[in-house]
Amino acid sequence: MLTFDNKGIYCARADLYIDPWLPVNKAIITHAHADHAHKGNKHYLCHTDTAPLLKLRLGNDISIETLNYGEQITINGISISLHPAGHIIGSSQVRLSYKDEVWVVSGDYKLQDDGLSTAFEPLKCQHFITESTFGLPIYHFPKPAIVKQELHEWIQKNNEQAVNSLLVGYSLGKAQRIIEMASALDMPIYAHGAIVNIQQQLINAGHKLYPVQYASFDLIKTLKPPYLLVLPPSAIGSPWLKKFNPYEIAFFSGWMQLRGARRRRNVARGFVLSDHADWNQLNSAVLSTNAENIYVTHGYKSIFAKWLREEHKLNAVEVETLYEDDLLMREDTDAAL
Amino acid sequence: MQLFNKLFQAIDQTTSTNAKVNALVDYFHEASTGDILWSIYLLMGKSSGRVIKTALLRQAAYKLSALPTWLFEESYHIVGDLAETIALCLPPPQHTKLYTLSQTMTFLASFSALPDDEKEQTIINRWMEIPASERFLFNKLITGNFRVGVSKQLVIKALAIKYNKTANELAHRLMGNWHPHQTNLEKLILEDILSEKSFEPYPFFLAYQLEGAPEGLGDINEWYVERKFDGIRGQIIVRNEEIFIWSRGEDLLTDKFPEFHPLKHSLPHGTVLDGEILPFKEDEILPFAVMQTRIGRKLLSKKILASAPLVMICYDLLEYKGTDIRDRPLSERRKLLKQLVDGLVVNTSLMLSAPVPCSSWDEVRKAREEARAYKCEGVMLKRKNSIYETGRRRGSWWKWKVDPFTIDGVLVYGQRGHGRRANLYTDYTFAVWDNNELVPFAKAYSGLTDKEILEVDNWIKKNTIDKFGPVRTVTPTLVFELAFEGISASPRHKSGIALRFPRILRWRRDKIADQANTKQDLLKMLDSKGDK
Ligand SMILES: [Zn+2]
Ligand SMILES: [Zn+2]
């Protein structure tokens, strides 16, 4: 029912693409991250909560149709519905069925509950398309509650020394989680413009999120340390960081599990907080679908596919997509949003 | 190990030197004296020794992680560090026991004596009883690879705060060979005697690279200009007709350098020389590679001694007739040094580093530029009235190295990086043209920005023409400017040359592969340098 071509994941019978990276007529968008939501498509179909984020990224004039989770439409005999992926607000798995055949495109997902996005829904299917960003047995993410506690300790230590805490994470998804975790401390939170925009857009759309203030340089000059500031990854290494002196800086990502990745980012402190599935989550997600055919995209796809074949005797193949291998880069460039 | 692990994490998670010193002082307050002794040993960069073969360690890790070998190895390749990979792959511990650092070190000592077939189960048991958060540190200790981001100077600074001693005294006390099994904290740090430590070197005084114009240093007449030799920085110590030779890395190398041994009878008691140890034959300095080969040898045959005889080019005198003269002006120390060396009746191994006469900074510039002709790396600038300080300091000593050689090479192979470059193609091989063929001549890892690394990584993945193990052959397209410090002929390499410290200077986006340099260009550099 689905094929992979040079534009993305294609359904010929319904004549639509899922997360295409080149312009097409009809595109279903799993979520509003840059590597999944590209510009230039004629018509977009996405979850209700994704629509405002898509507009923020691609402009208000795009043609969008929305669905709620579980709501079903039929195109040329194919039933299509969206189901929570637990990745970020609005992120969806796409379920397509035709007669007895069921495919699920999971997009990006995680099984951990982040308290912001709707929790991942396991779906039965015969064909499952999975990501593999953290598809190695070295990735075991701690519970968010533990990360939250560590974060509070870290901020409090900085506060005691009158040092600002700079919190760095991807502006869509991660930043909202960081802000929710930090908000419990009851300090005002300042943020980079890109993050303020997203936060505001989500609040306007009815999400109950903690408001953040735009950290203009004029405002920053008037602040006495310690304060909290949330920044996108592109901020690391930027010369204007010194305007926030004295500070300690921390980066939030699943990559922070590796010491090497932390060094490469040139940040001393890393918090392991991810919107992707770790090794155990990937395995349990795949197995819970009962699918025989697994298509592995972005990340350690050849390794994870080989593991699924050998360990679970599944018919797992790696699929070339343009989301692959460059997640680190995407996270960086996406700060412009 | 809870406290030591906490210290390790604290140091590892900040870049602020103040925060590091605070964490150290806190630790010295909280830990027991036995643990402090071990922690100093480890923090000063001394190895705990490898007590298990890597192959055995891997076996144990495969077994406990219950992962297929190939998957463990793939993971290792991406993490780049065995201790870390193991720590990440193991299942959660069953019950946690809290061992102190000393207890852990005692365990390691007894562990190393176990027969191999008992080691696997012993280490598995240990892994399962220590907290998951301590496994990385434990693995680092068991492989003898413990390292943490503090300099010796910072450790000494924290100890000085805790024990109310001067940093200089502590640096002196902590130098050289000592082991927690043979001493205790009282003797090492607290006791008021130093005399029997006659073999101890002084902490070396190190210079920073001069940035900006030398004119900023003031009047040229206040400065000595010397050549910066490219050998092994060392101290020769003669006391009570015994000789000790220390390298800057604080290795005791006396046995490796027999040519200096006669000095124990000819130099007066209480002499400490600072200088550069170099291979020197028939009035000529030999390439550094000759020195490296010699250092690597376990046994020094007559042939090796004859082919790479060593000398020390002396530039400072730290102790004269038993008196520490480090706080006398350099001009005075040099005078005494010259007297001493000139006064030797038989001298085959000591030379003086003669100042290069310069009456203006422009002449210094010239001296720097011609450094390579003298097989030197540049010049040293030392204030004539400078005292001999401790550690790397700015102000009265500067090194001023020549600009490196540069060449444009074509990227031909990419290999996935280790460690800090997990999961990215970051190890590159470069080639130059030899007629119509590209000949690989250098590997380089560093020099690009994070953004560029990602871009090149992405490019490599899209332009692979062949995969061979972890190596990808790419379409020869990208050109990079490489810098290196030295070049010498090497029949072992296909290109016929070997480079010293090659690194990427910049990405030449303005050039296409055809415009890269040729093997001929490299050989010309070899000629101009005069090495055969
Ligand atoms: Zn995403
Ligand atoms: Zn993605």
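Given the criteria more than 30 Å from A:Gln161 (Cβ to Cβ) and either of a type in the set (A, V, I, L, M) or more than 14 Å from chain A (Cβ to nearest Cβ) (or both), does B:Ala19 qualify? Answer is no for this residue. Just so you know, in segment A:30-60 the residues that are within 16 Å of ligand 1 (Cβ to nearest atom) and either within 14 Å of another protein chain (Cβ to nearest Cβ) or open to solvent by 50 Å² or more (accessible area, probe 1.4 Å) (or both) include one that is nearest to A:Thr321 (Cα to Cα), and it is A:Asp35. For segment A:158-170, check the following and say yes or no: at least one residue is open to solvent by 30 Å² or more (accessible area, probe 1.4 Å), away from chain B (no Cβ under 14 Å) and under 19 Å from A:His207 (Cβ atoms). Looking for residues that are open to solvent by 30 Å² or more (accessible area, probe 1.4 Å), away from chain B (no Cβ under 14 Å) and under 19 Å from A:His207 (Cβ atoms), one finds none in segment A:158-170, hence no.
So which of A:Met181, A:Met187 is without any contact (Cβ under 8 Å) to a residue 40 or more places away in the chain and either farther than 22 Å from A:Gly237 by Cβ or of a type outside the set (A, V, I, L, M, F, W, C) (or both)?
On the way: A:Met187 fails: without any contact (Cβ under 8 Å) to a residue 40 or more places away in the chain.
The match here is A:Met181.
As for segment A:47-66, it holds at least one residue that is under 20 Å from the mean Cα position of the chain (by Cα) and closer than 22 Å to A:Ala285 by Cα. Among the residues of segment B:144-166, those identified as open to solvent by 50 Å² or more (accessible area, probe 1.4 Å) and either under 17 Å from the mean Cα position of the chain (by Cα) or modelled with pLDDT under 80 (or both) are B:Asn145, B:Arg147, B:Ser151, B:Lys152, B:Gln153, B:Thr166. For segment A:171-206, residues that are buried (at least 19 other Cβ atoms within 10 Å of the Cβ), in contact with a strand residue (DSSP E or B) (Cβ under 9 Å, 6 or more places away or on another chain) and in a loop (DSSP other than H, G, I, E, B) total 2.
For segment B:430-454, a tally of residues being buried (at least 16 other Cβ atoms within 10 Å of the Cβ) and either of a type in the set (A, V, I, L, M, F, W, C) or part of a strand (DSSP E or B) (or both) returns 14. Within segment A:121-137, the set of residues being away from ligand 2 (no atom under 15 Å from the Cβ), buried (at least 24 other Cβ atoms within 10 Å of the Cβ) and of a type in the set (A, V, I, L, M) comprises A:Leu136 only.
Of the residues making up segment B:31-50, those that are modelled with pLDDT of 90 or more and under 13 Å from B:Lys140 (Cβ atoms) number 2.
Residue by residue, here is whether (1) crowded, with 16+ Cβ neighbours inside 10 Å; (2) hydrophobic (A, V, I, L, M, F, W, C); (3) within 16 Å of ligand 1 (Cβ to nearest atom); (4) under 28 Å from A:Ile198 (Cβ atoms) holds:
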| residue | (1), (2), (3), (4) |
| --- | --- |
| A:Ile62 | yes, yes, no, yes |
| A:Ile78 | yes, yes, no, no |
| A:Ala85 | yes, yes, yes, yes |
| A:Gln93 | yes, no, yes, yes |
| A:Lys99 | no, no, no, no |
| A:Trp103 | yes, yes, no, no |
| A:Gly107 | yes, no, yes, yes |
| A:Gln112 | yes, no, yes, yes |
| A:Ala119 | no, yes, no, yes |
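Of all the residues in segment A:269-308, those that are among the charged types (D, E, K, R), closer than 23 Å to B:Leu88 by Cα and away from chain B (no Cβ under 14 Å) number 1.
Checking each residue in segment B:26-37 for being in contact (Cβ under 8 Å) with a residue 24 or more places away in the chain and surrounded by fewer than 22 Cβ atoms within 10 Å (Cβ to Cβ) picks out B:Phe28, B:His29, B:Glu30, B:Ala31, B:Ser32, B:Thr33, B:Gly34. When the test is whether a residue is out of contact with any Leu (no Cβ under 6 Å at 6 or more places or on another chain) and crowded, with 16+ Cβ neighbours inside 10 Å, B:Leu317 does not pass it. Restricting the first member to segment B:8-21 and to residues that are more than 11 Å from A:Arg269 (Cβ to Cβ), and the second to residues that are of a type in the set (Gly, Ala, Ser) and open to solvent by 30 Å² or more (accessible area, probe 1.4 Å), the beta-carbon pairs closer than 7 Å and six or more apart or on different chains are B:Ile11/B:Gly149.
Take the residues of segment B:402-429 that are away from chain A (no Cβ under 14 Å) and open to solvent by 50 Å² or more (accessible area, probe 1.4 Å): which is modelled with the lowest pLDDT?
First pass over segment B:402-429, keeping only residues away from chain A (no Cβ under 14 Å): B:402-413, B:415, B:428-429.
Cutting the leftovers down to open to solvent by 50 Å² or more (accessible area, probe 1.4 Å) gives us B:403, B:406, B:413.
Details: B:Asp403: 82, B:Thr406: 89, B:Tyr413: 92.
Once the filter is applied, the top-ranked residue is B:Asp403.
A quick yes/no check of all residues on (1) open to solvent by less than 10 Å² (accessible area, probe 1.4 Å); (2) more than 20 Å from A:Lys148 (Cβ to Cβ); (3) away from ligand 2 (no atom under 16 Å from the Cβ):
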| site | (1), (2), (3) |
| --- | --- |
| A:Phe244 | yes, yes, yes |
| A:Leu258 | yes, yes, yes |
| A:Ala277 | yes, no, no |
| A:Gln281 | no, no, no |
| A:Ser284 | no, yes, yes |
| A:Thr297 | yes, yes, no |
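Looking only at segment B:74-111, filter to residues that are under 17 Å from A:Lys306 (Cβ atoms) and open to solvent by less than 50 Å² (accessible area, probe 1.4 Å); which one of those is farthest from the other protein chains (Cβ to nearest Cβ)? Please lay out each step first, then the result.
Residues of segment B:74-111 under 17 Å from A:Lys306 (Cβ atoms): B:74-78, B:89.
With the extra rule that they be open to solvent by less than 50 Å² (accessible area, probe 1.4 Å), the set shrinks to B:75, B:77-78, B:89.
Details: B:Ser75: 5, B:His77: 10, B:Ile78: 6, B:Cys89: 5 Å.
Checked segment B:74-111; the qualifying residue farthest from the other protein chains (Cβ to nearest Cβ) is B:His77.
With respect to the conditions (1) more than 17 Å from B:Tyr374 (Cα to Cα); (2) open to solvent by 40 Å² or more (accessible area, probe 1.4 Å); (3) part of a loop (DSSP other than H, G, I, E, B), B:Pro357 falls short on a single one, namely (1). One residue stands out among those in segment B:51-72 that are open to solvent by 50 Å² or more (accessible area, probe 1.4 Å) and of a type outside the set (Val, Ile, Thr): the one that is farthest from the other protein chains (Cβ to nearest Cβ), which is B:Lys53.
The values are calculated or read from the model by the stated rules, or taken from the named source; none is laboratory data. As the structure is a prediction and not an experimental result, all values here were calculated from the model. Here Cβ is always computed from backbone atoms with ideal geometry, including for glycine, and neighbour counts include all displayed protein chains. With ligands, DNA and RNA removed, areas are computed over all heavy atoms of the protein, side chains included. Shrake-Rupley method; radii C 1.70, N 1.55, O 1.52, S 1.80 Å.
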